[in-house]
1. Could you please let me know if Leu120 is closer than 28 Å to Tyr249 by Cα and of a type in the set (A, V, I, L, M)?
2. In the list Leu167, Leu161, which residue meets the criterion of being of a type in the set (A, V, I, L, M), within 14 Å of the ligand (Cβ to nearest atom) and at pLDDT 95 or above?
3. Based on what the data block shows, is Ser50 at pLDDT 95 or above and either basic (Lys, Arg) or surrounded by fewer than 16 Cβ atoms within 10 Å (Cβ to Cβ) (or both)?
4. Please state which of the following conditions Leu173 fails to meet, knowing it meets all the rest: (1) within 14 Å of the ligand (Cβ to nearest atom); (2) touching a residue at least 12 places away in the same chain (Cβ under 8 Å).
5. Filtering segment 126-147 down to residues that are among the charged types (D, E, K, R) and within 12 Å of the ligand (Cβ to nearest atom), which residue is surrounded by the most Cβ atoms within 10 Å (Cβ to Cβ)?
6. Being under 15 Å from Val260 (Cα atoms) and surrounded by fewer than 17 Cβ atoms within 10 Å (Cβ to Cβ) is the filter here, so list the residues in segment 67-104 that pass it.
7. Which one is nearest to the chain's Cα centre (by Cα), of the residues in segment 208-224 that are within 13 Å of Ile174 (Cβ to Cβ) and not in a helix (DSSP H, G or I)?
8. Being charged (D, E, K, R) and under 9 Å from Glu205 (Cα atoms) is the filter here; which residues of segment 221-236 pass it?
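The values are calculated or read from the model by the stated rules, or taken from the named source; none is laboratory data. On a predicted model such as this, the values are computed, not experimentally measured, just so you know. With ideal geometry, Cβ positions are generated from the backbone for all residues, glycine too; neighbour counts draw on all protein chains shown.
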Amino acid sequence: MYHFSLIAKPVHHSKSPLMQNKALKELGVSGVYTRYELENKDDLRSKFLSLGLNGANVSLPYKTDALLQSDYQSNSSKAISSANTLVYKNNFLYAYNTDFLGFLASLGLLDSKTNFKNALILGAGGTTKALAYALKLKNIQTTIANKSSSRFKDFDVKCVLYDELDLNDKYDLIINATSASLDDLLPCDENLLKPLFEKAFYSYEVGYFKSPFLNLFKEIKKDEISNQKAFYQDGAYMLCYQGAFSLMYFLGLVSDDEQVFLQDENLRKKAFDIAKIMYNIAFL
Ligand code: NDP
C-alpha cells in the first residue's frame, strides 16, 4: 500500500488530502494520503524517510528545502528553485515542480498556442517563480510588479514596484500571485488596477477562496465578460491540476522528463481526468 503525505506548516486548511484520497480511490490504487505538520525545515528529508513515504507534496514554507534536500531535481524545479513534489524511488529522493504545469493546464496552454502576447504578474514570491517560468516556456512576455523590491533579483524579467507601473501599458493577462486575497485585500491600489484591467482580456487569481481582485475585474469588464470577450479564473483548477500531476509522478505514470506533459496527449488526458475527480470533490 502506498503512503503519500502533505508536508507543510500549517497543514490543517489544505484540500490536498481530500483531493488525493478521492483520486486514489477512484483510480483503484491501494494507498493513503496523510498530512504532516513539520516544525523544522532541516528535518524535511529525515521525516519523509522515517514516515516511510512513497511520495509527498511539499507546501509553504518548505518548497525550497524540498529542492535542496533531494537527490535528483527536475529541470523545472531547478529553474524555479522550488519543488512541491517529492518521490522516493530506487532509494533516492526525486524533486519535481508541478505548480507551473498546473498553471499552464488551467489556462489550457499545455498543448496549445496562446493568444496572450504579454502578462503582468502581481507579487514576487515563490508562486510567481513558477508562473514566470511557465509563461517563458510559452514565449509570453512577462512583467512582475510587487510592493517591495527585495525579491526582484530572483527573476530575469522586467520587475517594477507598483508605483513604477506605466498605466498606459497594455497587458493581455493580469495575474494576482500575491497572498493579499487571503486578507480580503487587493494586491495594490484600486486606481492602479482599474486602467490596467480596462485594457486586459484575462484576469487570473492564484488563490481559490475569496478574491477582491477578480471581483474588481468582473465589475469593470461586466459587458465584455457576458459577451465572452473577457475571461477570469481563480486558482482552483491550478490546484487540482498540480495535484493530478503530482499523483502521476507518485504512481510512476510519467518519466522524469516533464516535457512529456507538453508532448504526450494521453498523459495530458490522464491528468485532466484526475484533476476533474479532484475538482469535483474539493470545489463542487
Ligand atoms: P510568498 O509568501 O512566497 O509570496 C507572497 C507574495 O505576496 C509576495 O510578493 C508578497 O509581497 C505579496 N503580498 C503578501 N501580502 C500582500 C498584501 N497584503 N498586499 C500585496 N502583496 C502582498 O507566497 P507564494 O508565492 O508561495 O503564494 C502566494 C499565493 O499563491 C498564496 O495565497 C498561495 O495560497 C497561492 N498558491 C496557489 C496555488 C494553486 O495551486 N492555486 C499554488 C501555490 C500557491 P512582498 O514580497 O513585498 O512580501
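1. no
2. Being of a type in the set (A, V, I, L, M), within 14 Å of the ligand (Cβ to nearest atom) and at pLDDT 95 or above holds for just one of Leu167, Leu161, which is Leu161.
3. yes
4. Failed condition: (1).
5. Lys129
6. Asn75
7. Ser211
8. Within segment 221-236, just Asp234 meets the criteria.
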